Structure formats: structure tokens, C-alpha cells
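> Below you will find the structure I want to go over with you.
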Amino acid sequence: MIRWHLPKATMTLVAVIAFVGVSSQRVSGQSWQSFEEPYKFDFGLAMGMAGYWGDLSSNMFSDPGLAASALFHYRFDARWLVRGSFTGAQLSGSNKNAENVVPAGMLEFSAGFYALDARAEFNFLNFGIGETYKQLSRCTPYLGLGLGAAMSRVNKESHVAMTIPMSFGVKYKISERVNLGAEWTFMKVFGDKVDGYENLTGVATDFLRHTDWVSTIQLYFTYEFGRRCVACNRHE
């Protein structure tokens, strides 16, 4: 019997985003005003775990692997950022405890997964340390959405596909230029060969079926640099 449903991780992410969105509406209109960040860029490194959901798994983190990322942000202001990131992860899985019955019988895989993407990020609070009139917060939740490409290396074969990364995180400003964050990224892969297999169940493809998903949960540090010239646009 073949049963398809969104993994619990997806439903939890949707619930968290909805809660943050509703909560943010309670903030006064003035607090939604954003201010220019003193630094234009930041760079950081992340480490955590990765999981896979597809034909050979019904649980995103039933076989967790290591994940590491390099992050680079361009900061427009205290609310909006553009991010580029590269992630490498080890993925594995089997259909031993999967809910989907595969005609081919018992299967398993181990893969190296590499993803490059660009995302827009939105901070729900003005993130920073500074003047009180700017209503800056040292801690803020944020959302990210982007577009990218990923490669899975399984059994000496490479499989490439487009991706849509969706992320939810919380960041904390340790000092003026050093930030600590925790992030959950849920990545839709527009391909069915992350695990090296394609359409094992024989069910027609749609948005959920036979297009794999990859998720990472990571902690990261970033360092800000590239101070803006505050007086550059002033006219005497």
C-alpha cells in the first residue's frame, strides 16, 4: 500500500511560520520601520545535521548525517538581507521502516549532497545594537526563501537538480559584529535521484511524489564587515 503525506517536519515548519507571522502583526506600525545597518556584509560558517525524505524514507531524520555550510550576506538594512550559501551534507536512508512499499524490495543508499543557492531573508525585528530610537533588537526570528541547484553523488554517479530552499531561524547578536544563529532549512529538490533511484513505487510524479526533499538543522556564527560611510550622502 502506498501512502503519501507531508512529513511532520513540514507541518511543524508551517505552524512555526504561521505563529511568527501572527505574532508579528501585533507589533506597532512604528516598530516595522527599518534602519540602515552599519555594516554591509557578513560571512559565517554553520554546522549541524541533515536528513532526507523520499522513496526510501518516511521520516526526515530517521538516518541523520552531518551538514556544514558557508554563508555570505549582503545587508540592505536591519530587516532585509540577500544571502548566498553553499552546503555539503552526508545523506543516507533505507526503506526498512518506510511506509511506502517498493516493488524492488529492500533498498538503501548513502550519498554526498552539495547545494548552492541564493535567498532573500527577512528579520521580523530590527536586528542590531545601537540607538534606542531605532528600536533595535539583539534577537530576532527570520524567514528565508530562495532558488538554487544541488548535486547528489551516489555510487560514483552524479545527479543535478534545481532546488527551492525555505528556512526559518533565530539569530542573536553577541556583539556589534558577531552573530549566533540557529536555522532549519527545508529544501525542495526538483528531481528524484538524491538517493540514486527514480520512481520506485510506479506512482505518477507530482509536487510531493518522486521529487525528493532534504532538510538541515544547523548552528552558525557570522562576522560583519564593510562599514558603510554614514556621511557619504550628507550635503552641507
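> With Cβ to Cβ distances under 15 Å as the rule, what net charge do the other residues near residue 177 carry (K, R +1; D, E -1)? The partial results should precede the final answer.
On the way: positive: 40, 75, 138, 171, 173, 227, 228; negative: 37, 42, 176, 224.
That works out to +3.
> Right, next: Can you list residues whose amide H is under 5 Å from residue 86's amide H, if they're 5+ apart or on another chain and H is modeled 1.01 Å from N?
70
> While we're looking at this one, here's another question. Whole percent per 5 Å bin, from 0 to the bin with the longest distance: what is P(r) over all C-alpha pairs of region 37-94?
Reading the bins upward from 0: 4, 18, 18, 14, 13, 12, 10, 7, 3, 0.
The numbers here are math on the coordinates, done by the rules we state, and not lab data. Predicted model only: the values in this text are computed from it and were never measured. Counting neighbours? That spans all protein chains shown, and the Cβs are built from the backbone with ideal geometry, glycine included.
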